[in-house]
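Read through the structure below, which is laid out as structure tokens, and then see the notes.
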């Protein structure tokens, strides 16, 4: 199999994955509703169930939402955007139930796969064996964007040109060869079925969050983070031009409640801020600076007594359908 980016290998190695799984945010319901609608357009037969591949699945944060919608009390809070009024957002405040027939997560990191198994098998599937496991094919395999591990997929009944959607959450920016990756993706998708890319990104608003981002982004070691846009090189490849229709973009703004310590955990779960890339002294100094920014910020409090404040996110979706 082809190489995985070295920052991702070391930053998401064994021992970092519990923090990643615990500290990383989920995704807002309006984004999941949009993804549901995108897939439904080309695969309307929900009784048959959908076959979905999820390369770069990590610890299964997005996988969980496809398998078991969260209860209403755990739903993050959306804020209106220019393309979404308040009534639209309120209507989308329920996570959709995806009609999963087959869901195969594909992940190159052994540590991530092990955490996926703990999160998905141990915490979800083992407790819902009758409801979720019957007639459903849910697994994680070793593979990457350019090589989904064809032999392993065939063993579990996955063949070319039969997948209803390929979803890549918070990971496509790590792809090192989008030419080859898009060929691999197109080989599994049905005609007109979508490749869906989704990212959460800490908002640049309010101003204190911008200061926070600019502070820690200085440590990214030149890695191809989403906000840099290097992943857009995919649009210049022959694979994109020959195999896919024009891209469509969608975005939403939302916030979650966080404490100072939860936010610090969130930030230090980033690949380039783990102990593999940051010395204990550098981490100590950076943490002091980050905490100073957080402490001095003019927070919008959710529960001031408990130290819970609003932390804003942007969620972006880009999808492109396979040509017929």
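The values are calculated or read from the model by the stated rules, or taken from the named source; none is laboratory data. A quick note: this is a predicted structure, and the numbers were derived from the prediction, not measured. Positions of Cβ are generated from backbone atoms using ideal geometry, with glycine treated the same way; all protein chains shown enter the neighbour counts.
Taken across region 257-273, residues that are exposed (fewer than 15 other Cβ atoms within 10 Å of the Cβ), out of contact with any strand residue (DSSP E or B) (no Cβ under 8 Å at 6 or more places or on another chain) and either free of Cβ contacts under 8 Å to residues at least 12 places away in the same chain or on the phi > 0 side of the Ramachandran plot (or both) do occur, with at least one present. Please go through region 274-306 and give me each residue that is surrounded by fewer than 15 Cβ atoms within 10 Å (Cβ to Cβ), touching a helix residue (DSSP H, G or I) at 6+ places or on another chain (Cβ under 8 Å) and either modelled with pLDDT of 95 or more or within 27 Å of residue 34 (Cα to Cα) (or both), ordered by number. Residues satisfying the conditions are 289, 291, 295, 296, 298.
Within the bounds of region 214-227, is there any residue that is farther than 24 Å from residue 313 by Cβ, surrounded by fewer than 13 Cβ atoms within 10 Å (Cβ to Cβ) and touching a helix residue (DSSP H, G or I) at 6+ places or on another chain (Cβ under 9 Å)? Yes: one or more hits.
Does residue 324 satisfy the condition of being in contact (Cβ under 8 Å) with a residue 12 or more places away in the chain and more than 27 Å from residue 205 (Cβ to Cβ)? Considered against the rule, which asks whether it is in contact (Cβ under 8 Å) with a residue 12 or more places away in the chain and more than 27 Å from residue 205 (Cβ to Cβ), residue 324 comes out as yes. Summed over region 60-82, the residues that are more than 17 Å from the chain's Cα centre (by Cα) and modelled with pLDDT of 95 or more give a count of 0.
Does residue 11 meet the test of being under 30 Å from residue 206 (Cα atoms) and modelled with pLDDT of 65 or more? Criteria not met by residue 11.
Is it fair to say residue 235 is within 28 Å of residue 29 (Cβ to Cβ) and without any contact (Cβ under 8 Å) to a residue 40 or more places away in the chain? No, not satisfied. Scanning region 29-59 for residues that are in a loop (DSSP other than H, G, I, E, B), at pLDDT 95 or above and crowded, with 22+ Cβ neighbours inside 10 Å yields 56, 57.
Taken together, the residues in region 188-213 that are touching a residue at least 24 places away in the same chain (Cβ under 8 Å) and either exposed (fewer than 15 other Cβ atoms within 10 Å of the Cβ) or farther than 20 Å from residue 43 by Cα (or both) amount to 13.
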